[in-house]
Amino acid sequence: MSATIATPTPSRLRLGLRAATIAVILLLALMPVLNRLPADHALHISDFVVSITGKWICYAILALAIDLAWGYAGLLSLGHGAFFALGGYAIGMHLMRLIGPRGVYGHPVLPDFMVFLGYTDLPIFWWGFQSFPYALFMALFVPGVLAGVVGFLAFRSRITGVYFSIITQAMTYALMLAFFRNDMGFGGNNGFTDFKELLGMPLNAGGTRAALFYASLATLVGTYFLCAWITRSKLGRVLIAVRDAESRVRFLGYSVTQAKLFVFVLSAMISGLAGALYVPQVGIINPGEFSPGNSIEAVIWVAVGGRGTLIGAALGAFSVNAMKTWLTTIAPDLWLFALGGLFVAVTLLLPKGLLGLLRGRRS
Amino acid sequence: MTKPLVPFSRRALMAGLGGALAMPAIRPAFGQAAPIKVGVLHSLSGTMAISETALRDTVLMMVEWINGRGGLLGRRVEAAVVDPASNWPLFAEKARELLQVAKVDVTFGCWTSVSRKSVLPVFEELNGLLFYPVQYEGEEQSRSIFYTGAAPNQQAIPAVEYLMGKDGGEAKRIALLGTDYVYPRTTNRILRGYLNSKGITDADIMEEYTPFGHSDWQGIVSRVKTFAAQGKKTAIVSTINGDANVPFYRELGNQGIKAEDIPCVAFSVGEEELAGIDARPLVGHLAAWNYFMSVQAPANTEFKNTWQAYIKNPRRVTNDPMEATLVGFKMWAQAVAQANSTAVDAVREAMYGQKVDAPCGYSLEMHRNHHLAKPVMIGEIQADGQFSIVSRTPTTIVAENWSPFIPENANRRRG
Amino acid sequence: MSTKGRLYLDGVSVVFDGFRALNNLSLVVEPGEMRAVIGPNGAGKTTMMDVITGKTRPTSGTVRFGDHDLTRMDEADIANLGIGRKFQKPTVFDALTVFENLELALKAPRGPFACLRWILTGEAKARIDQVMEETGLTARAGDLAAILSHGQRQWLEIGMLLMQDPQLLLVDEPVAGMTDQETEHTAALLRRIAGERSVVVVEHDLEFVRALGRKVTVLHEGTMLSEGPIDQVQNDPRVIEVYLGR
Amino acid sequence: MTRALFLIVLLLAASLPAHAQDAFLDALAGLAGGFTQQAEAAERLGAGGDPRALPVLRALADGRLLKRPDNTLLIRADAGVTEAATGAAADAAGAEPVRINNRVRVALRGAIGRLALVSPDAAERAAAAEAVYRTRSAENIPLLEAALARESVPRIRDQMALALAASRLVAADATVQRQGIAALAGAGTEGARALLLEARNATPALGPEIDAALVSLDRVIAVKRAAETLYQGLSLGSVLLLAALGLAVTFGVMGVINMAHGEFVMLGAYATVVVQDACRGIPWLEPWSLPLAVPAAFLVAGLAGAMLERGLIRHLYGRPLETLLMTFGVGMILQQAVRLAFGAQNREVISPAWMMGTLELPGGLMVTQNRLWVIVFSLVVLGLTIAAIRFTRFGLEMRAVTQNRRIAATMGIRTGRVDALTFAFGSGIAGMAGVALSQIDNVSPNLGTGYIIDSFMVVVFGGVGSLAGTLVGALSLGVVNKLLEPYAGAVLAKVAVLVGLMLFIQRKPRGLFPQKGRAAG
């Protein structure tokens, strides 16, 4: 590794950050355990806090994916919510298939919504989803293919900057409209709910919830290391170069299209995985997840935390969502002001995000 | 870094909830007992805020009302308001928060079916109690939910019956227009079954769906005109969702579709929706509900006066879901008093058979199927945005939440 | 005669919305030759570079490098053929260190997966160290490119060209904005690089061109006006007319 | 009091013994009954042809007919309250409006139509002809023939002829029916088609004639329908154009990505609401409230835009992606602010009479007035925008600054001011779009969100920086959308358009009308 020469020696701050991160991960890992303590125990953590944290972990994975594309390769996608949602839909289809004859109409194969919309057969694109590995594969594959197609067309025609943002936004918008249609066979506006089990475990059991929590946490840590490995490799430097001076990279003989495509597809697949972990935990997936506002919000988590820092992205996802949860409860009428104000303040005053604030003006 | 993960201490949360409360000016003295908590789970932002904020206000009004009468079981009633922001997964999260963190005794909330479907598993898992005040597609019955809005047989079928009768114009062709979500889809499926059973063939039924908030109705309204030009009396049955109605009715009016020629009966258009439209071109079009603001009944007069005083606006209207919220609240209060407890299981048991003299002018009873028996009223739109009631059932109708017109209900699992 | 490493432009025209940036331009640069291209503003010098490096597609004409038809290739492929380009405005990657900039330019597999697996070998490191030595940037290896001085940025970019080990170098106004001392240093650097490579230098500064002391091509209004040694070109009445006549 | 009234009634009854038996009063009593009785009474009054019936029936239709507890019917008019039976002044105390339903309304329309066919007022006769056309009863044939013979206004003659044809169609005599068929075949409307189909079901004997008539009718209708689709497409396009025009300035000319653009449109719509509320109750001002709202909306949104540009956006020039995120936050704030200030409910916007109903274009094409005005308005706004950029000092400075900021600054142009003005100008245009949108969409805090993506797509599709491109882009997208809609449905049509746009932009990233010049290359 060239790290010794290429990057400055880790500063005290960087070490501190690393230690803090490890501490946080350990604390997170403790949460389901504390949840098992009796309710009156001083260290008891309620189901609500555990489940909401599990959700935020999924958001943090999504934020890492966005940071990889935006913070490093400069691809501001306003459609990552679509990849997240597609991953969620893939696992949601699996969960729907697992309900089997336990639905209200007792149909052995068809989910309830198909029964009352008058379907007689399972649509072809639903085949195979009774298998968990297949569903998980699709949760990665479908977002990957979509990102591949959209990315290939866009990067080949050298669509960059805001144009790329607008196109990805239109992509998620079109998907949202399409998924809202009941005739698409994805449950329309209601999407999928009322899941029963996953991998043989009932979804509302504490043990399942803890398992999902740990799976998400492990994925978050794994994703972080994957992203860190990529960004520290030479590819990471190519991506930064692409972000800052795309055409110069071309004259060095690198295929910008390939580099971007690689990172965009990977980022989409990570987002799909995050969605797949998210859906069993929140118990619902519907086309609202495709709404363009969701994708923008996810980008803003990254901006708040500090783009191009990975840790910052995760930090942003946690802190913005924590703030949102807190504010929607204490100030239901005013929280949008606070959130909107935060976005304005961060972009205007903290271009490097919270992490940049910690690091001070280093460069 | 740990801070955000446990985002609020309980004390901060309670302080917040207190701030969100609408405190009555003069608080009657209450005992030392902890207050009874009422969760309010209605969207205050996002697309559904248009409809749901009025319901939040209705619950707050009822809380004030009951505290003014000395509270419940000698305890003060306190509202915990949250904003699920028209975001369905957020509904589930907020439901869990209300039940587990705020520890509410009962929750009033939800408007759309998807939000109800989203919170249903949470309420069932944590044995909570939800009062759902909006007419819906049926095909559901949860022990944790009391449905105080109409099931399809309490709204849709009587309305179509009216259209096909002499007073309604003896319609022989029906255009089913709806927003593309589960309520219109299911309702129209039930209606199609019903119409077929009345001898109206599929050739005489047009069915079309539009997305939420659809604003360009030109094409669909002209297609309805064409559909109507086949030499048979035609009527429109609209399950168009609230927001899209304004442009829809505008287009109807502008394209000169008069109620005399093609009457349109709607299931989601009430006084609140009409407040946003110039109703003059719409006179004679219809809506079917279980309550209209124009009902002449002492309970309704009281409701309207209390509401307009509470909201400090003498022109604010009342509507069906607000009435359903009020009925649900009163019933819950009666059940709590009867059970002498707020424990969910006891209250649930006490709810069955509970009766309330409702603003709709009838005494409504909660049945063991968790639905109210309700009267059905057909109203014609008046120039002032109110409804003139042109037909009403003589008695209340028991809800058929499992429609006999959906064949699969025959082999539905009981329980 | 072998065409290997030979740059060959024949009848190249580039039209932007009716404006002829290049007009039937023909030019041959033999392997190992160093050529200076001069001309007034808007003569088409930069457009010519763009055409050679694939940034701009010619409206008509032939552009070949060896046996390869450059009009059918994109920038990256052309770069990988061994054509390096230095821009008028120094463009280096500010967020990367000097070392990293050079490492990126080092001739090696360019695919994303290859980059992911890339490990800096001793040989590669030695090569980078050598180039840093040549460009006088050894002391700044770990500094971000953003904080280099103007001249250092130019040298870093030239260093990056060296790392690419190109057969043909296109250098656009390398000494613009440089102090005299820096200019001299740069000229020496370029002469040293030239060696077995072909070099095309675009320059305004006639003194610098004279210092290079090679064959000169004069462009005017997108077409070749004159070609030859600097003294001959300077006395060409057409050139005088273009440079002084207006 | 009651007794005095009773006495009067008694006296009147005694003084007019002959009238007590007359059909008018007989039928009149029915209007106080149930809906069925009311409908029958209205039909009888219409058939009776008594001119006294007309004001009563009109009053009933307009909700001005009152009923006292003793079932006496009163008419309320501007001049005061009179008794329906006698025309004598009366006291409205204790009286309530008589309620009717659709069935009664249908009967009333026919009855009023019959009675008003001979009205001296041309507008009334026209309405009557229309009403009789819809009622279509063979009994009306002689009446219509007589009215037609007297009628001098061509438009009303046509309408009457149509009504006559419709009435003949339901006659008992096949010859008369054939006359009706022939006349209706030339009417070229869907209404006529409906009548013919109905007659075909009723009298199968006339099948061949009717089928032949339908063929020629269908040909006309098909052409009309195509024209209608085109109109609908243009109308949708004009909405897109309005929504996108402001963006074409702020994004197209300045390169600022303003995600709060939709909220400026929304502000314009709310400005309309405020202006209308202010004008309410001032009779001479009320009809002008909508035109007055246009400058108001321009100023409100423009001011908001200027504040946004000076306060926030200018700090982010050169960082378009950050601008995008920041303005998204601004949009959230604006939405919630409006929600708190005006309530989450839809606000009522009144359409002036000249914007309601349909307009018949030459060739019998019916177009909705409000949409026609929106099309006209959008073109006017486009024209003004182009004029402002081309022909004013401000436009000149704006072009100078966007083309070369440094040189413009050295020539004494205060670039900061120009930036603010340009952004305010674009925002103001968005505000004017809000006035138009208030006439066809909901006025709610969410108004803007539905338009933002479409607007960006239109601007990019048309070519950033090209107003002509925005025009062509918006209109063609509208038309394509409407062409697809009957086949694919509203949603899929829109999805298809979006996907098509994405593909198009990837093929031609600079849009339909790319900016010219070497700098753009």
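The values are calculated or read from the model by the stated rules, or taken from the named source; none is laboratory data. Computed from a predicted model, the values in this text were never measured in an experiment. Virtual Cβ from ideal backbone geometry, glycine too; neighbours counted across all protein chains shown. Keep in mind that these areas ignore ligands, DNA and RNA; they rest on the heavy atoms of the full protein, side chains included. Shrake-Rupley method; radii C 1.70, N 1.55, O 1.52, S 1.80 Å.
Can you tell me which residue among D:R125, D:R76 is open to solvent by less than 50 Å² (accessible area, probe 1.4 Å) and either part of a helix (DSSP H, G or I) or assigned by TED's automatic domain parsing to the domain that holds D:A23 (or both)?
Details: D:R76 fails: open to solvent by less than 50 Å² (accessible area, probe 1.4 Å).
From the options D:R125, D:R76, the qualifying one is D:R125.
Among the candidates D:V349, D:V338, which residue alone is within 14 Å of chain A (Cβ to nearest Cβ) and open to solvent by less than 20 Å² (accessible area, probe 1.4 Å)?
Numbers: D:V349 fails: within 14 Å of chain A (Cβ to nearest Cβ).
None of the others qualify; the one that does is D:V338.
Given D:V215, D:V170, D:V176, which one is at pLDDT 85 or above, farther than 30 Å from D:L512 by Cβ and not assigned by TED's automatic domain parsing to the domain that holds D:G305? Lay out the reasoning, then the answer.
On the way: D:V170 fails: at pLDDT 85 or above; D:V176 fails: at pLDDT 85 or above.
After applying the criteria, what remains is D:V215.
Does the stretch A:126-149 contain any residue that is facing another protein chain (nearest Cβ under 8 Å) and surrounded by fewer than 22 Cβ atoms within 10 Å (Cβ to Cβ)? Explain how you work it out, then say what you get.
Filtering the stretch A:126-149 down to residues facing another protein chain (nearest Cβ under 8 Å) leaves none.
For the stretch A:126-149, residues facing another protein chain (nearest Cβ under 8 Å) and surrounded by fewer than 22 Cβ atoms within 10 Å (Cβ to Cβ): absent.
Residues that are modelled with pLDDT under 85 and either β-branched (V, I, T) or touching a strand residue (DSSP E or B) at 6+ places or on another chain (Cβ under 9 Å) (or both): which helices (runs of 4 or more DSSP H) entirely in the stretch B:207-308 hold 3 or more of them? First the steps, then the outcome.
Working: elements: B:218-228, B:242-254, B:271-274.
The helices (runs of 4 or more DSSP H) meeting that bar are B:242-254.
Evaluate the following for B:E124: is it among the charged types (D, E, K, R), on the phi > 0 side of the Ramachandran plot and in the same structural domain as B:M351 (by TED's automatic domain parsing)? Lay out the reasoning, then the answer.
Values: among the charged types (D, E, K, R): yes; on the phi > 0 side of the Ramachandran plot: no; in the same structural domain as B:M351 (by TED's automatic domain parsing): yes.
Considered against the rule, which asks whether it is among the charged types (D, E, K, R), on the phi > 0 side of the Ramachandran plot and in the same structural domain as B:M351 (by TED's automatic domain parsing), B:E124 comes out as no.
Consider the stretch C:87-122. How many of its residues are more than 7 Å from chain A (Cβ to nearest Cβ), within 17 Å of A:S255 (Cα to Cα) and surrounded by fewer than 22 Cβ atoms within 10 Å (Cβ to Cβ)?
7
Just the residues that are aromatic (F, W, Y) and in contact (Cβ under 8 Å) with a residue 40 or more places away in the chain, please, taken from the stretch A:211-237.
Taking the stretch A:211-237 first, the residues aromatic (F, W, Y) are A:213-214, A:224-225, A:229.
Hits for the stretch A:211-237 are A:F213, A:Y214, A:Y224.
Just checking, which of B:D167, B:D204 is away from chain A (no Cβ under 14 Å), in contact (Cβ under 8 Å) with a residue 60 or more places away in the chain, open to solvent by 10 Å² or more (accessible area, probe 1.4 Å) and not hydroxyl-bearing (S, T, Y)? Talk me through it step by step, then tell me what you get.
Details: B:D204 fails: in contact (Cβ under 8 Å) with a residue 60 or more places away in the chain.
None of the other options fit; the residue is B:D167.
Only one residue in A:Y173, A:Y224, A:Y214 is open to solvent by 10 Å² or more (accessible area, probe 1.4 Å), modelled with pLDDT of 90 or more and within 8 Å of another protein chain (Cβ to nearest Cβ), so which one is that?
On the way: A:Y224 fails: within 8 Å of another protein chain (Cβ to nearest Cβ); A:Y214 fails: within 8 Å of another protein chain (Cβ to nearest Cβ).
Testing whether each residue is open to solvent by 10 Å² or more (accessible area, probe 1.4 Å), modelled with pLDDT of 90 or more and within 8 Å of another protein chain (Cβ to nearest Cβ) leaves just A:Y173.
What is the one condition in (1) out of contact with any His (no Cβ under 7 Å at 6 or more places or on another chain); (2) under 27 Å from C:F19 (Cα atoms); (3) assigned to a loop (DSSP other than H, G, I, E, B) that C:A43 does not satisfy?
Every listed condition holds for C:A43 apart from (1).
Exactly one condition in (1) within 19 Å of C:V37 (Cα to Cα); (2) open to solvent by 60 Å² or more (accessible area, probe 1.4 Å) is not met by C:T179; state its number.
It fails just one condition, (1).
Scan the stretch D:479-507 and report the pairs whose first residue is more than 13 Å from chain A (Cβ to nearest Cβ) and whose second residue is surrounded by 23 or more Cβ atoms within 10 Å (Cβ to Cβ) and of a type in the set (S, T, N, Q), with Cβ atoms within less than 8 Å and a gap of 6+ or a chain change.
The qualifying pairs are D:K482/B:Q218; D:K482/D:Q232.
Scan the stretch B:35-47 residue by residue and report those that are within 9 Å of chain D (Cβ to nearest Cβ) and open to solvent by 10 Å² or more (accessible area, probe 1.4 Å).
Result: B:G46, B:T47.
Looking at D:E360 and the list (1) part of a helix (DSSP H, G or I); (2) of a type outside the set (A, V, I, L, M); (3) closer than 30 Å to D:R219 by Cα, which single condition is not satisfied?
(1)
For C:G159, only one of the following conditions fails: (1) within 18 Å of A:A241 (Cα to Cα); (2) open to solvent by 10 Å² or more (accessible area, probe 1.4 Å). What is its number?
(2)
Run D:F461 past the list (1) surrounded by fewer than 22 Cβ atoms within 10 Å (Cβ to Cβ); (2) more than 27 Å from the chain's Cα centre (by Cα); (3) under 30 Å from A:M184 (Cα atoms) and report the number of the one that doesn't hold.
Only one criterion is unmet by D:F461, namely (1).
Run A:F186 past the list (1) surrounded by 19 or more Cβ atoms within 10 Å (Cβ to Cβ); (2) in a helix (DSSP H, G or I); (3) more than 9 Å from chain B (Cβ to nearest Cβ) and report the number of the one that doesn't hold.
(2)
State which residue is farthest from D:V495 (Cα to Cα) when the search covers only the stretch D:427-477 and only residues that are part of a helix (DSSP H, G or I) and facing chain B (nearest Cβ under 9 Å). So that I can check it myself, show each step before the final result.
Here is the first cut: in the stretch D:427-477, the residues part of a helix (DSSP H, G or I) are D:427-437, D:449-462, D:467-477.
Still in the list and also facing chain B (nearest Cβ under 9 Å): D:437, D:449-450.
Details: D:L437: 22, D:T449: 17, D:G450: 14 Å.
So, considering only residues that are part of a helix (DSSP H, G or I) and facing chain B (nearest Cβ under 9 Å), the one farthest from D:V495 (Cα to Cα) is D:L437.
Residue check: is D:P320 more than 13 Å from chain A (Cβ to nearest Cβ) and surrounded by fewer than 20 Cβ atoms within 10 Å (Cβ to Cβ)? Before you say what the answer is, go through the steps one by one.
On the way: more than 13 Å from chain A (Cβ to nearest Cβ): no; surrounded by fewer than 20 Cβ atoms within 10 Å (Cβ to Cβ): yes.
No.
Would you point out which residue out of C:P166, C:P174 is touching a helix residue (DSSP H, G or I) at 6+ places or on another chain (Cβ under 7 Å), open to solvent by less than 10 Å² (accessible area, probe 1.4 Å), part of a loop (DSSP other than H, G, I, E, B) and closer than 23 Å to C:G32 by Cα? Steps first, answer last, please.
Numbers: C:P166 fails: touching a helix residue (DSSP H, G or I) at 6+ places or on another chain (Cβ under 7 Å).
Being touching a helix residue (DSSP H, G or I) at 6+ places or on another chain (Cβ under 7 Å), open to solvent by less than 10 Å² (accessible area, probe 1.4 Å), part of a loop (DSSP other than H, G, I, E, B) and closer than 23 Å to C:G32 by Cα holds for just one of C:P166, C:P174, which is C:P174.
Name the one entry in D:T392, D:T327, D:T402, D:T358 that is open to solvent by 40 Å² or more (accessible area, probe 1.4 Å) and touching a residue at least 24 places away in the same chain (Cβ under 8 Å). Lay out the reasoning, then the answer.
On the way: D:T392 fails: touching a residue at least 24 places away in the same chain (Cβ under 8 Å); D:T327 fails: open to solvent by 40 Å² or more (accessible area, probe 1.4 Å); D:T358 fails: touching a residue at least 24 places away in the same chain (Cβ under 8 Å).
Result: D:T402 is the single residue among D:T392, D:T327, D:T402, D:T358 that is open to solvent by 40 Å² or more (accessible area, probe 1.4 Å) and touching a residue at least 24 places away in the same chain (Cβ under 8 Å).
Note down all Cβ pairs under 9 Å where the first residue falls in the stretch D:406-417 and is touching a residue at least 24 places away in the same chain (Cβ under 8 Å), the second is among the hydrophobic types (A, V, I, L, M, F, W, C) and open to solvent by 50 Å² or more (accessible area, probe 1.4 Å), and they're at least six residues apart or on different chains.
Note: no pairs meet the criteria.
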